Ligand code: CUA
């Protein structure tokens, strides 16, 4: 249901689901406030102290105690179940045809890394009516941050060394406020960003590096923009410069390779491919092909899903989980040798090799 008359504009279906739950909680709270406080006030007056008033002693009432235990328990279970249903929808029920954007937080800015290889800072560009998955982390030596867009009612922590996920499908074109909502030091209150939801046509133009007019601000933090403000996407068209330096990674101006291509270049330049084949054959280490998302059998008999967090651990601490059938050879650990943006590019490359 749409509750925009009492809450900030809800720009997605999940936002409306949260609002409905919120209204349910509010109604329950008001109801029990009246049920508890009303009689309390009445009794306080009706049975107030008077000299010579005799009071009967009531030690307990079994029926009453069962009722006031059972009913709140049931209500709490309903609240838990309802919250879980919407949380699951927001976190896991990701539609197949989604876009992916990788987010790296640091004190005190947001970096967004797109599949076509571009990065933007503090501005997240997405097309309207399209599911977008955010794969988020914080710089390794940084602190916790939390990504919050009030008008989408989504909020998720970004943790150094860990990847967290969230997705949304914005329904209204406009600019929305992004907050950091976890206290992260002196600049916390200025760790702001804009989610810029473009019409599909404008998004297409943006991806081609054309100038577009920014949509109006919507909802929370909607400070009127000066008219005619123009956003120009960093161009990513020049594919002929194949000899690009990996140092170009993260440079918002001119990434000439897609994220997957950047990852492939990294796997070559950092020597990964010497042991890990990008064809479907085992080397000294396991092949990359079909790795991502697969259930991996480990030497100790346990299994693990090869997601971002597993792959990151295997890069930074190669001896933590040894794949069944492989020796615990001396792969050099890579903590700190790859930037967050480079790790993201590698992940995207591995993901592109999933079968
Ligand atoms: Cu980042 Cu608060």
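Only strands (runs of 3 or more DSSP E) wholly contained in region 114-157 count here; list those with 2 or more residues that are within 14 Å of the ligand (Cβ to nearest atom). Fully inside region 114-157 and qualifying: 132-138, 145-149.
With the condition kept exactly as written, say whether any residue in region 242-256 is crowded, with 17+ Cβ neighbours inside 10 Å, in a helix (DSSP H, G or I) and at pLDDT 60 or above. Scanning region 242-256, I find no residue that is crowded, with 17+ Cβ neighbours inside 10 Å, in a helix (DSSP H, G or I) and at pLDDT 60 or above, so the answer is no. Mind checking whether some residue in region 59-75 is touching a residue at least 12 places away in the same chain (Cβ under 8 Å) and under 23 Å from residue 168 (Cβ atoms)? No.
For the criterion of being in contact with a strand residue (DSSP E or B) (Cβ under 8 Å, 6 or more places away or on another chain), in a loop (DSSP other than H, G, I, E, B) and surrounded by fewer than 15 Cβ atoms within 10 Å (Cβ to Cβ), residue 301 fails. Taking every residue in region 173-190 that is on the phi > 0 side of the Ramachandran plot and assigned by TED's automatic domain parsing to the domain that holds residue 110 and pairing it with any residue that is modelled with pLDDT under 90 and within 8 Å of the ligand (Cβ to nearest atom), at least 6 positions away or on another chain, the pairs with Cβ-Cβ distances below 9 Å are 185/107; 185/108. Each residue in region 61-94 was checked for being part of a loop (DSSP other than H, G, I, E, B), surrounded by fewer than 10 Cβ atoms within 10 Å (Cβ to Cβ) and at pLDDT 90 or above, and 0 pass.
Per-residue answers, yes or no, for (1) in contact with a helix residue (DSSP H, G or I) (Cβ under 8 Å, 6 or more places away or on another chain); (2) in the same structural domain as residue 86 (by TED's automatic domain parsing):
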{"site": "24", "(1), (2)": "yes, yes"}
{"site": "27", "(1), (2)": "no, yes"}
{"site": "30", "(1), (2)": "no, yes"}
{"site": "33", "(1), (2)": "no, yes"}
{"site": "36", "(1), (2)": "no, yes"}
{"site": "40", "(1), (2)": "no, yes"}
{"site": "44", "(1), (2)": "no, yes"}
{"site": "55", "(1), (2)": "no, no"}
{"site": "64", "(1), (2)": "no, yes"}
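Residues in region 167-181 that are within 16 Å of the ligand (Cβ to nearest atom) and surrounded by 20 or more Cβ atoms within 10 Å (Cβ to Cβ) were compared, and the one that is farthest from residue 194 (Cα to Cα) is 180.
Selection of first residues in region 299-320 that are touching a residue at least 40 places away in the same chain (Cβ under 8 Å) and of second residues that are in a helix (DSSP H, G or I), restricted to Cβ pairs under 8 Å at least 6 apart or on distinct chains, gives the following pairs, ordered by first then second residue: 308/347; 312/343; 312/347. Here residue 90 clears all of (1) away from the ligand (no atom under 16 Å from the Cβ); (2) out of contact with any helix residue (DSSP H, G or I) (no Cβ under 6 Å at 6 or more places or on another chain) except the condition numbered (2). The residue that is nearest to the ligand (Cβ to nearest atom), among those in region 95-113 that are closer than 24 Å to residue 18 by Cβ and either part of a loop (DSSP other than H, G, I, E, B) or without any contact (Cβ under 8 Å) to a residue 12 or more places away in the chain (or both), is 98.
All conditions but one from (1) surrounded by 19 or more Cβ atoms within 10 Å (Cβ to Cβ); (2) without any contact (Cβ under 8 Å) to a residue 60 or more places away in the chain apply to residue 119; the one that does not is (2).
Picking from residues in region 304-320 that are under 19 Å from residue 346 (Cα atoms) and touching a strand residue (DSSP E or B) at 6+ places or on another chain (Cβ under 8 Å), the one that is surrounded by the most Cβ atoms within 10 Å (Cβ to Cβ) is 306. The condition of being surrounded by 10 or more Cβ atoms within 10 Å (Cβ to Cβ) and at pLDDT below 90 does not hold for residue 20.
The values are calculated or read from the model by the stated rules, or taken from the named source; none is laboratory data. Everything numeric here is computed off the predicted structure, so don't read it as measured data. Glycine also receives a Cβ, built like all others from the backbone with ideal geometry; neighbour counts cover every protein chain displayed.
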